[in-house]
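Inspection log for the structure reproduced underneath, given as structure tokens.
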Amino acid sequence: MSVTVRRAGDRGSLIELPDNAAAVRVARRLREERPDLVDVVIGHATVLVTWIDEVVDLGVIVERALVPELEIIGRSVDIPVTYDGPDLDEVARLTGLSQEEVVARHTGAVHVAAFLGFQPGFAYLTGGDELLHVPRREVPRTQVPGGTVAIAGPYSGVYPRDSPGGWRLLGSTPTAMFDPAREPPALLAPGDRVRFVAA
Amino acid sequence: MTQLEVVRPGLLLTVQDRGRPGLAHLGVPPSGAADPDAYELGNRLVGNPPGAAALEATMDGPVLRFDRPTTVALTGATTPEVRTVERLEVGRCVGGVRTYICVRGGIEVDPVLGSRSTDLLTGLGPAPLRTGDVLEIGSTPGVVPDEPLGTVPGVRLPDTPVLRVVPGPRDDWFTAAALEMLCSEPWRVSSSSNRVGIRLEGPALERAHHDELLSEGLVTGALQVPASGEPILLLNDHPTTGGYPVIAVVRSDDLPRAGQLAPRDSVRFAIDG
């Protein structure tokens, strides 16, 4: 497997990996073995690490973590959704499906949380039905309500709080994606498997 | 307990401390004082423990009223029009955009995820302060240290400060000329800059790859280049991941200077590392 380590400033490195699963494994190993690292951030197929003082060679840890494991990382999480979003009709038109089929395909897939970003607790979920891969809106909305379930490109996601957003809105969930008072604050972590359930 | 009342917040007045490092994997930005050197110095001057929360004023300082005598240090951008008759009038910021108002005892607001910092991107922490807001001042007795505080660095920036950068992580996504251009031309700071990022105006940096970059982690100081080709220098409230390639990253020792760049300032970059 090919791994490239790129510099990310004087206190960081970006490790490029073959896929997201490798990134999840490498990040977990780095967290366990290098508690002195400040941040270990999974991307689509990368891990960004940052530190305060001198960092030692990360190569050995990365190599060992790349040995594939049979162990499944992550939990299974069901997210209840009321499918009444403002873009349901447009997604049906873009995909040539009926609204019922859009809902059936969205609830029928097992999504995997690939990485978090954009907002606290916002997980980019991959593994969704390929027929539902629709482009994001050309003009993003200035306000998408927290709890909105949406799709764009290869991803599904749930907006944790009111924020601007360019994804296509399918429905909403009462599940809190992020709560600073909870431990851990984010509902989802990379590697978790997510199923949307029509409420 | 001492209280302070915000009589006038100025352009933007936020509570800041050392922020929320270590939570980027949850999508939580680092936040914290944009000029950490000035913030740390202010806390030392009033004898606060490291990490005590202070106020960060932006371009135009606040008017504050305290309910009893207290000790305050102003650091960061110079404020030549300070008045202290009955209330503290900080006035405009000169030679930078951010002045820290460090009060002995620190600002006591409820911490969120271990920090009292206002995060403008995500809304974590206290909202930007408004007229009439009342803040508690901590009662931990401050001890001004006996040892020398060290040389106070001059805060007035040269007319065109030079920030040192480490190329990458995606410099190979650009033409060789792009990195050269980044480090030869002076860049102008756009007025649509904030704690999330500083927009830079100048020649468009040309991409060698036109693929879409899959989202990856971002560091403070990253020079992210969107489709327009004009870089954005990410500051403390930056999103934790993004899909625009980063051509270079400002060295961490130079980030405090980046945090003082004002709209219409020019800035240069030099490769170092």
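The values are calculated or read from the model by the stated rules, or taken from the named source; none is laboratory data. Model, not experiment: these values are computed from the prediction. Neighbour counts are summed over all protein chains in view; Cβ atoms, including those assigned to glycine, are modelled from backbone coordinates with ideal geometry.
Scan the stretch B:179-226 residue by residue and report those that are small (Gly, Ala, Ser) and under 23 Å from A:GLU16 (Cα atoms). I'd like the intermediate steps shown before the answer.
The initial filter retains those residues of the stretch B:179-226 that are small (Gly, Ala, Ser), namely B:184, B:190-193, B:197, B:202, B:204, B:208, B:215, B:217, B:221-222.
Those that are small (Gly, Ala, Ser) and under 23 Å from A:GLU16 (Cα atoms): B:ALA208, B:SER215, B:GLY217, B:GLY221, B:ALA222.
What number goes with the only condition from (1) loosely packed, with under 14 Cβ neighbours inside 10 Å; (2) in a loop (DSSP other than H, G, I, E, B); (3) modelled with pLDDT of 95 or more that B:ALA177 does not pass?
(2)
Quick test for you: out of B:VAL103, B:VAL72, B:VAL94, pick the one residue that is hydrophobic (A, V, I, L, M, F, W, C), under 19 Å from the mean Cα position of the chain (by Cα) and at pLDDT below 95.
Matching residue, one of B:VAL103, B:VAL72, B:VAL94: B:VAL94.
In contact with a Ser or Thr (Cβ under 7 Å, 6 or more places away or on another chain), more than 14 Å from chain A (Cβ to nearest Cβ) and assigned to a loop (DSSP other than H, G, I, E, B), is that true of B:ALA262?
No; evaluated as a whole, the condition is false for this residue.
For residues in the stretch A:156-178 being without any contact (Cβ under 8 Å) to a residue 40 or more places away in the chain and of a type outside the set (A, V, I, L, M, F, W, C), which is nearest to the other protein chains (Cβ to nearest Cβ)?
Among residues in the stretch A:156-178 that are without any contact (Cβ under 8 Å) to a residue 40 or more places away in the chain and of a type outside the set (A, V, I, L, M, F, W, C), the one nearest to the other protein chains (Cβ to nearest Cβ) is A:ASP162.
Contact list please: Cβ distance under 6 Å, first residue in the stretch B:8-32 and outside the structural domain of B:ARG116 (by TED's automatic domain parsing), second residue in a loop (DSSP other than H, G, I, E, B), pairs at least six apart or on different chains.
The qualifying pairs do not exist here.
Scan the stretch B:227-245 residue by residue and report those that are modelled with pLDDT of 95 or more, within 20 Å of A:ALA23 (Cα to Cα) and more than 7 Å from chain A (Cβ to nearest Cβ).
Residue satisfying the conditions is B:PRO245 alone.
Is there a residue in the stretch A:2-22 that is touching a helix residue (DSSP H, G or I) at 6+ places or on another chain (Cβ under 8 Å), more than 14 Å from chain B (Cβ to nearest Cβ) and either surrounded by 15 or more Cβ atoms within 10 Å (Cβ to Cβ) or at pLDDT 90 or above (or both)?
No, every residue in the stretch A:2-22 fails to be touching a helix residue (DSSP H, G or I) at 6+ places or on another chain (Cβ under 8 Å), more than 14 Å from chain B (Cβ to nearest Cβ) and either surrounded by 15 or more Cβ atoms within 10 Å (Cβ to Cβ) or at pLDDT 90 or above (or both).
Quick check on the stretch B:201-223. Is at least one of its residues buried (at least 21 other Cβ atoms within 10 Å of the Cβ), at pLDDT 95 or above and at positive phi?
yes
Counting only residues that are within 18 Å of B:GLU212 (Cα to Cα), of a type outside the set (Gly, Ala, Ser) and part of a strand (DSSP E or B), how many does the stretch B:233-254 have?
3
Give all pairs with beta carbons closer than 6 Å in which a residue from the stretch B:68-79 that is assigned by TED's automatic domain parsing to the domain that holds B:CYS102 meets a residue that is assigned to a strand (DSSP E or B) and charged (D, E, K, R); count only pairs at least 6 apart in sequence or on separate chains.
If the second residue must be assigned to a strand (DSSP E or B) and charged (D, E, K, R), the pairs left are B:GLY76/B:ARG98; B:ALA77/B:ARG98.
Give the residue that is nearest to the other protein chains (Cβ to nearest Cβ), with candidates limited to residues of the stretch A:97-145 that are among the hydrophobic types (A, V, I, L, M, F, W, C) and surrounded by fewer than 16 Cβ atoms within 10 Å (Cβ to Cβ).
A:VAL139
Taking the conditions exactly as written (buried (at least 24 other Cβ atoms within 10 Å of the Cβ) and within 19 Å of B:LEU135 (Cβ to Cβ)), does B:ALA24 satisfy them or not? Talk me through it step by step, then tell me what you get.
Working: buried (at least 24 other Cβ atoms within 10 Å of the Cβ): yes; within 19 Å of B:LEU135 (Cβ to Cβ): no.
So B:ALA24 does not fit the description; no.
Among the candidates B:ASP171, B:ASP211, which residue alone is touching a residue at least 60 places away in the same chain (Cβ under 8 Å) and of a type in the set (Asp, Glu)?
So the residue among B:ASP171, B:ASP211 that is touching a residue at least 60 places away in the same chain (Cβ under 8 Å) and of a type in the set (Asp, Glu) is B:ASP171.
Tally up the residues in the stretch A:42-62 that are within 9 Å of chain B (Cβ to nearest Cβ), outside any loop (DSSP other than H, G, I, E, B) and touching a residue at least 40 places away in the same chain (Cβ under 8 Å), please.
3
Applying the selection to the stretch B:211-226, what residues are in a loop (DSSP other than H, G, I, E, B), facing chain A (nearest Cβ under 8 Å) and closer than 16 Å to A:SER13 by Cα? Give the steps one after another, and end with the answer.
Residues of the stretch B:211-226 in a loop (DSSP other than H, G, I, E, B): B:211-215, B:218-221, B:225-226.
Subset that is facing chain A (nearest Cβ under 8 Å): B:214-215, B:218-219, B:221.
Within the stretch B:211-226, B:SER215, B:LEU218, B:VAL219, B:GLY221 qualify.
Of the numbered conditions (1) over 19 Å from B:ALA33 (Cβ atoms); (2) touching a Gly at 6+ places or on another chain (Cβ under 6 Å), B:LEU255 satisfies every one except a single condition; which is it?
B:LEU255 satisfies every listed condition except (1).
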